[in-house]
Amino acid sequence: MQGIALPEDDGELLSLLSLSGNCSDLEEFLSVFAFPCSLLRTEDAIRCAVETLLRELKSQGVMYVEIRFAPQILTSGDLTQEQAVLAAIEGMRGGAIPANLILCCMRESGLSEQNWKTAELAVKYLGKGVAALDLAGSEAAFPIEGFRDIFSFACEQGIPFTIHAGEAFGAQNVWAALSLGTNRIGHGIRSGEDKNLLAELANRNIPLEMCPTSNLMTASVPSLAEWPLRTYLDAGIAVTINTDDPAIERTDIKREFRLLADAFALSKEEIRQLLVNSVRASFAGDALKQTLLQKIDNDWLYINS
């Protein structure tokens, strides 16, 4: 579509777009984003990508999706953040399944102006295709405290938000995210380092967006056996299961659930609860949440009849 030369060999192309094995750390993982993002620098490309994504997710059985992306990463030449957001919203119109966008501010030097623009766009298009704000990127290198002003602004404007925390940095980063008023925690895999934090997450009903394949690939956990699903469920935390970056990790949500069902011998009721947690934790409107919960119940009755 854009006249960009690509490798003719599918295997070579796949190696540029994704990872086949584990990384040494989160920084190596993040470096893989450069090439696929370079292909999403026009409104047509963004719109087409969103339409294609929704079709693929529907074929996997997904009922609703919240698509995270950082519009500032896709800007180049004449493309603005707002044009990128509008192109993504256009791609969702008439989509195969209901969807919303989560706009990501980025942890990186010199991006203050761009991050403020992202936050302002979240305000402008809230309820019009955008559901929330996020903070992503290199967690260890850029403490959450440096973004307090932006998320104070989000709170003032009534913008829900989630923050990547407790993935490449410890439980203290999850505490910091909570102090900013976050509605959800991206990953939170290291929350178990602090038992008081687990109690706080449960008491405040803060959902964790947990991503098993991603955590293994970034070496956030040594092995799936040490992934703290049971610990968090037993602590009463609203765990949700997510793909993180499915194309880069060569996974999908079905694979994530199968992985956990096998590793932790999850019962049907536990799988159902994880699905219900995801609906309740979502930034969808109340009417859509009720529709999704009813569909889960109907499907479960069918499965168990």
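Does any residue of the stretch 247-261 turn out to be open to solvent by less than 20 Å² (accessible area, probe 1.4 Å), under 20 Å from residue 139 (Cα atoms) and outside any loop (DSSP other than H, G, I, E, B)?
Checked against the condition, which is being open to solvent by less than 20 Å² (accessible area, probe 1.4 Å), under 20 Å from residue 139 (Cα atoms) and outside any loop (DSSP other than H, G, I, E, B), the stretch 247-261 yields at least one hit.
Is it the case that some residue within the stretch 115-126 is open to solvent by 60 Å² or more (accessible area, probe 1.4 Å), under 17 Å from residue 149 (Cβ atoms) and hydrophobic (A, V, I, L, M, F, W, C)?
yes
Quick one: which of 110, 91 is at pLDDT below 95 and more than 19 Å from residue 185 (Cβ to Cβ)?
Answer to the selection: 110.
What pairs come out if I take residues in the stretch 103-128 that are without any contact (Cβ under 8 Å) to a residue 40 or more places away in the chain and pair them with residues that are open to solvent by 70 Å² or more (accessible area, probe 1.4 Å) whose C-beta lies under 6 Å away, six or more apart or interchain?
Close Cβ pairs satisfying both conditions: 104/68; 123/157.
Hey, among the residues in the stretch 127-141 that are under 19 Å from residue 64 (Cα atoms) and crowded, with 16+ Cβ neighbours inside 10 Å, which one's nearest to the chain's Cα centre (by Cα)?
Filtering first and then ranking leaves 134.
When the residues of the stretch 222-232 are filtered to those that are of a type in the set (A, V, I, L, M) and either under 18 Å from residue 54 (Cα atoms) or crowded, with 16+ Cβ neighbours inside 10 Å (or both), which remaining residue is farthest from the chain's Cα centre (by Cα)?
Here the answer is 224.
Residue-by-condition table, conditions (1) among the β-branched types (Val, Ile, Thr); (2) in contact (Cβ under 8 Å) with a residue 60 or more places away in the chain:
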{"site": "39", "(1), (2)": "no, no"}
{"site": "47", "(1), (2)": "no, no"}
{"site": "51", "(1), (2)": "no, no"}
{"site": "61", "(1), (2)": "no, yes"}
{"site": "67", "(1), (2)": "yes, no"}
{"site": "74", "(1), (2)": "no, no"}
{"site": "79", "(1), (2)": "no, no"}
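When you scan the stretch 84-109, how many residues do you find that are among the acidic types (Asp, Glu) and over 16 Å from residue 45 (Cα atoms)?
1
Which ones in the stretch 279-288 are open to solvent by less than 40 Å² (accessible area, probe 1.4 Å) and part of a helix (DSSP H, G or I)?
279, 281
What is the one condition in (1) over 19 Å from the mean Cα position of the chain (by Cα); (2) buried (at least 17 other Cβ atoms within 10 Å of the Cβ); (3) modelled with pLDDT under 95 that residue 235 does not satisfy?
Tallying (1) over 19 Å from the mean Cα position of the chain (by Cα); (2) buried (at least 17 other Cβ atoms within 10 Å of the Cβ); (3) modelled with pLDDT under 95, residue 235 fails exactly one: (3).
The values are calculated or read from the model by the stated rules, or taken from the named source; none is laboratory data. Every value quoted in this text rests on a predicted model; they were computed, and no experiment measured them. No Cβ is skipped: glycine too gets one built from the backbone with ideal geometry, and neighbour counts run over all protein chains shown. Surface areas here come from the heavy atoms of the whole protein model, side chains and all, with no ligands, DNA or RNA. Shrake-Rupley method; radii C 1.70, N 1.55, O 1.52, S 1.80 Å.
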